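A short write-up of the structure that comes next.
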Amino acid sequence: MRRPSTSMIVSLGTVAAVLAGVLVAYVRAPGGLNALDFVLPLISCGVLPARRRYPVAVLIVVAMSVAAYYPYARLDGPLIVLVFVALYTAADLGHLTAAIATGGLSLLAMGIGETGGVRHVDDSQFIMIAGWVVAAIAFGGVTRNRRAYLDEARRHAQDALQAKEEEARRRAGEERLRIARELHDVLGHNISMINVQAAAALHGLKKRPEDAEAALRTIKETSKETLRELRTTLGVLRQVDEDAPTTPADSLARVEALVAASGLKVRTELSGPLDTVPTEVDLAAARIVRESLTNVSRHSGTDQATLTITNTSGNIVIRVEDDGPGAAYDGGSGFGLQGMRERAAALGGTLEAGPRPEGGFRVTARLPLTTPTNGAR
């Protein structure tokens, strides 16, 4: 069962109080009543419950009924209370002009009526009625403004909550992308090395046992490193803080270890200091070196590569080249190249990858030492 609204309860309560006052006036009346003593209270009380749906129409009907009631009816019931309620409702629902006009005309009509030979209200009563008219209109305007303010505050709160949720989804997406890069760059590289060394061990197990033993040792060390990297990545997922720790192996200062882990014959050329590079640039550069060498091992068809790292003019420039026959530039659709580009772009740098004119494949990354994040700190 639907419960009555607060507005309806107020309307019915007001109607009951007014009708009770009219009934008391009727009991005390000496006699000589006319039809207006009954019709006008019924009309004004009957339309009041519709004040929220038709505020202006109800205000006009109530004001006209009350204006006719006091000079022409015989009773002196409290119908004027209905005018105050109707004025408040019209102002509260935004019909301030209609409320002011109706209230002003009602007071003007009352004032003109009191200029005759018979006075129905004295000056103090007239001022009190005028004060109640002004108060009803003003209170209706205040409640409307307060409701509008609360609605605006609620909308702002909802917008802020929505923006916060969108920011959380965006950050979650970025975090998933970062974790995907970590898994691809670290675990993918190490597992690839295990696969290469396992193939070498199987190939040389009978013919060259000493090479097979070396390959198995490499597999052991690489698998150990893979487990350590996996634990580190899982540790990042369990952290509340979003700052991912940098692992000791992922650094340009240990570029020899990165080269050795690739299983390739790499000619390395280093220029400029590499031990004072900002942490996020150092990590990204090391991961780009690792992934580039992994791509050479997987796709180039050669076991030789050239790695050049320079620190000059405020940039770290990384170049990995090979002259193998197997490299085929696919426009960067692979996740490895895509991840490297995203790492470079996140730091305000660039990464270019493609076949060399003289044959083979080249990856060139340029990472600024002053990243947008560093510059804001």
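Just the number, please: carbon plus sulfur as a percent of the accessible area of region 1-124, 1.4 Å probe, no ligands or DNA/RNA counted.
Roughly 68 percent, rounded to a whole number.
Please give the per residue accessible area of region 87-161, computed with a probe of 1.4 Å over protein heavy atoms only, in Å². Walk me through the intermediate numbers first.
Details: 4890 Å² over 75 residues.
Each residue of region 87-161 exposes 65 Å² on average to a 1.4 Å probe.
The values are calculated or read from the model by the stated rules, or taken from the named source; none is laboratory data. All figures in this text were calculated on a predicted structure; none of them were measured in a lab. These area figures cover heavy atoms from the full protein model, side chains too; ligands, DNA and RNA do not enter into them. Shrake-Rupley method; radii C 1.70, N 1.55, O 1.52, S 1.80 Å.
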